[in-house]
1. Looking only at the stretch 27-51, which residues are among the polar types (S, T, N, Q), surrounded by 18 or more Cβ atoms within 10 Å (Cβ to Cβ) and under 17 Å from residue 102 (Cα atoms)?
2. Can you give me the number of residues within the stretch 51-75 that are free of Cβ contacts under 8 Å to residues at least 40 places away in the same chain and over 23 Å from residue 260 (Cα atoms)?
3. Looking only at the stretch 16-38, which residues are in a loop (DSSP other than H, G, I, E, B) and either closer than 30 Å to residue 176 by Cβ or touching a helix residue (DSSP H, G or I) at 6+ places or on another chain (Cβ under 7 Å) (or both)?
4. Any residue in the stretch 114-133 that is more than 24 Å from residue 56 (Cα to Cα) sitting within a Cβ distance under 8 Å of a residue that is among the acidic types (Asp, Glu) and not in a strand (DSSP E or B)? List the pairs, counting only those 6 or more apart or interchain.
5. What is the residue count in the stretch 169-210 for residues that are among the hydroxyl-bearing types (Ser, Thr, Tyr) and touching a strand residue (DSSP E or B) at 6+ places or on another chain (Cβ under 7 Å)?
6. Quick check, is residue 12 of a type outside the set (S, T, N, Q), buried (at least 16 other Cβ atoms within 10 Å of the Cβ) and touching a Pro at 6+ places or on another chain (Cβ under 7 Å)?
7. So is residue 171 out of contact with any Leu (no Cβ under 9 Å at 6 or more places or on another chain) and in contact (Cβ under 8 Å) with a residue 12 or more places away in the chain or not?
8. Kindly indicate the residue of the stretch 54-81 that is of a type in the set (Val, Ile, Thr) and buried (at least 21 other Cβ atoms within 10 Å of the Cβ) and also nearest to residue 130 (Cα to Cα) among those meeting that condition.
Amino acid sequence: MPEREIDLAYIFPGASKNDGIWKGERVSTISYPTTANAQCNEIEDESFWFEHRSKCIVSLVTKYSPNACFMDVGGGNGFICEKLEKEKIKTILLEPGIDGVLQAKKRGIEHLVWGSIVDLPYTPQSIDAIGLFDVIEHIENDHEVLSILHNILVNDGFLYLSVPAYSSLWSQADHKAGHYRRYNKKEMNLLLRENGFEIVFSTYIFTPLPLPIFLFKSIPFRLNLKKKNKRMKYEKRIHRKQPGIIGKILKRILTFEINKLKKGKSLLFGSSFLAVVKKITK
């Protein structure tokens, strides 16, 4: 796919630009805590989870869409856009939280849209590749969003997405994050096919995490045991890179995952599900 320039006035007709940020006429609220972008911003750069997820995503985008115009829908603070820009992939951040947009601007992301994909008028077949990373679980009508993304993608365009895996891992953390659901591979593949996408590659990631999540989050939630931890302090503690032997083992396992993905091989289980899908023209 040939490289091309980004023209946000063409992609989102009717959007206006102010101080370097494009915005539609309205921005709907979503099922996402208002403080979440600020909290993520405090932990992203030091988090093994955000670092590993970004490496997995970048490895797939550079493989399948190296010359694409890439739009990260619900891209938060621009963490993924920043990683892709370092690989010379042109990006657009579309984010309904203005705090996330402003933080992305500080990161140096040039093409910024403040809004929700369900609100913005768009030009069909105007985007080469789209990312939807841990976003669709926050949207009640997942079919509606996938239909919109199908329409805005060029023919044979790629959609990349990640979601939290397994309903059995549901916990209080999902409630607080504003999730409607968690997915397994079968459910997600069916959802994507029903909305006009062909599965190119799919895999679970974070293979070490399902068991500790189930033991320390899901079971306490089912037993109605409330943690006394303050939310932010707790998130910082579990996200930071672990020292000592535990950190070395975790790093080795996650490096193994990256190497598997680079070879085009899927992982059989994990706490997140990651997919690359291609638009099927109707």
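The values are calculated or read from the model by the stated rules, or taken from the named source; none is laboratory data. Bear in mind that the values here come from a model prediction, so they are computed numbers and not experimental data. Positions of Cβ are backbone-derived with ideal geometry, glycine not excepted, and every protein chain shown enters the neighbour counts.
1. Residues satisfying the conditions are 37, 41.
2. Here the count works out to 0.
3. Across the stretch 16-38, the qualifying residues are 20, 24, 26, 27, 28, 29, 30, 31, 32, 33, 34, 35.
4. 118/144; 119/25
5. Counting residues in the stretch 169-210 that are among the hydroxyl-bearing types (Ser, Thr, Tyr) and touching a strand residue (DSSP E or B) at 6+ places or on another chain (Cβ under 7 Å) gives 4.
6. The answer is yes for residue 12.
7. The answer is yes for residue 171.
8. 73
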